[in-house]
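Take a look at the structure set out below.
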Amino acid sequence: AQKVTQAQTEISVVEKEDVTLDCVYETRDTTYYLFWYKQPPSGELVFLIRRNSFDEQNEISGRYSWNFQKSTSSFNFTITASQVVDSAVYFCALSEAGGGSNYKLTFGKGTLLTVNP
Amino acid sequence: ETGVTQSPTHLIKTRGQQVTLRCSSQSGHNTVSWYQQALGQGPQFIFQYYREEENGRGNFPPRFSGLQFPNYSSELNVNALELDDSALYLCASRIQGINTIYFGEGSWLTVV
């Protein structure tokens, strides 16, 4: 069975601080996808990134960066120079590789990030 | 813009009633799935439809049912509503050939 653990329930930082959100996953699949989503108070899940299990390159997009380490089954997300608009709940999710068109996502419980001015 | 829209955005129902939630996707979104998100929790997979057939289901009872239509729209139906069904219901779809799953804004259901 697949499982995603986000050990940090809540994080509070001051604007301009860097913050890292942790994600640890479990799966028996050899090929899978990892995702991060942002959920503002309005409720919509905003897609941030998808990573294939066979692509361990780290990725940077503006102030966002992701560190994927297959050896430790972790896919951590760092926001550099945080801003108040980054305040939201962030979810890490895992899915199979899509064999048989199964794209079920298994989510962690989310991390509430509050960025204070 | 995700190309996924849901309606209604908010609704209140009485225990025992039935509810239908709707989702509309753009052309090419051939896989649609529904998730239930209780307050303070991560979304839980309800079921998935591919080419109008259910091809995956989570741990939800049969009173949760769905449909997918040829025009890429779908429905989630919940019968005999219970208080614990109060949640945010999220529709998600995948563009054919791209393994990224996009979500709609959700429907907030309150059962009283």
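The values are calculated or read from the model by the stated rules, or taken from the named source; none is laboratory data. These numbers come from a predicted model, not from an experiment. Using ideal geometry, Cβ is built from the backbone for each residue, glycine included, and neighbour counts are taken over all protein chains shown.
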Residues within segment A:53-80 that are within 16 Å of A:Ala7 (Cβ to Cβ) and among the aromatic types (Phe, Trp, Tyr), tallied: 2
Taking interchain pairs and intrachain pairs at least six residues apart, which have beta carbon atoms under 6 angstrom, with the first residue in segment B:51-62 and under 21 Å from B:Ile95 (Cα atoms) and the second charged (D, E, K, R) and crowded, with 16+ Cβ neighbours inside 10 Å? B:Gly56/A:Lys104
Filter pass, B:Tyr72 being within 14 Å of the chain's Cα centre (by Cα), at positive phi and of a type outside the set (A, V, I, L, M): yes
With the condition kept exactly as written, say whether any residue in segment B:6-13 is surrounded by fewer than 16 Cβ atoms within 10 Å (Cβ to Cβ), away from every other protein chain (no Cβ under 12 Å), over 23 Å from A:Phe47 (Cβ atoms) and without any contact (Cβ under 8 Å) to a residue 60 or more places away in the chain. no
Within segment B:97-112, take every residue that is in a loop (DSSP other than H, G, I, E, B) and of a type in the set (Gly, Ala, Ser) and give me the one that is nearest to B:Gln26 (Cα to Cα). B:Gly104
Yes or no: A:Val46 in contact (Cβ under 8 Å) with a residue 60 or more places away in the chain and either more than 13 Å from the chain's Cα centre (by Cα) or surrounded by 14 or more Cβ atoms within 10 Å (Cβ to Cβ) (or both)? no
So which strands (runs of 3 or more DSSP E) are wholly in segment A:1-69 and hold at least 1 residues that are modelled with pLDDT of 95 or more? A:3-5, A:10-14, A:19-21, A:24-26, A:32-39
Exactly one condition in (1) part of a strand (DSSP E or B); (2) away from every other protein chain (no Cβ under 14 Å); (3) over 10 Å from the mean Cα position of the chain (by Cα) is false for A:Ser95; which is it? (2)
Any hit, segment B:39-57, residues being within 13 Å of A:Glu44 (Cα to Cα), of a type outside the set (Val, Ile, Thr) and not in a loop (DSSP other than H, G, I, E, B): no
Does B:Glu82 satisfy the condition of being surrounded by fewer than 13 Cβ atoms within 10 Å (Cβ to Cβ) and within 11 Å of chain A (Cβ to nearest Cβ)? no
Scan segment A:6-47 residue by residue and report those that are within 12 Å of another protein chain (Cβ to nearest Cβ), closer than 13 Å to A:Gly108 by Cα and touching a Phe, Trp or Tyr at 6+ places or on another chain (Cβ under 6 Å). A:Cys23, A:Leu34, A:Trp36, A:Tyr37, A:Lys38
Restricting attention to segment B:86-111, report how many residues are more than 7 Å from chain A (Cβ to nearest Cβ), under 20 Å from A:Tyr33 (Cβ atoms) and among the hydroxyl-bearing types (Ser, Thr, Tyr). 1
Could you list, in sequence order, all residues of segment B:25-39 that are surrounded by fewer than 19 Cβ atoms within 10 Å (Cβ to Cβ) and farther than 21 Å from B:Phe60 by Cβ? B:Gln26, B:Ser27, B:Gly28, B:Asn30
Out of segment B:10-38, which residues are under 18 Å from B:Ser86 (Cα atoms), of a type in the set (S, T, N, Q) and over 12 Å from the mean Cα position of the chain (by Cα)? B:Thr14, B:Gln17, B:Gln18
Could you tell me whether A:Thr9 is exposed (fewer than 12 other Cβ atoms within 10 Å of the Cβ), among the β-branched types (Val, Ile, Thr) and touching a Leu at 6+ places or on another chain (Cβ under 8 Å)? yes
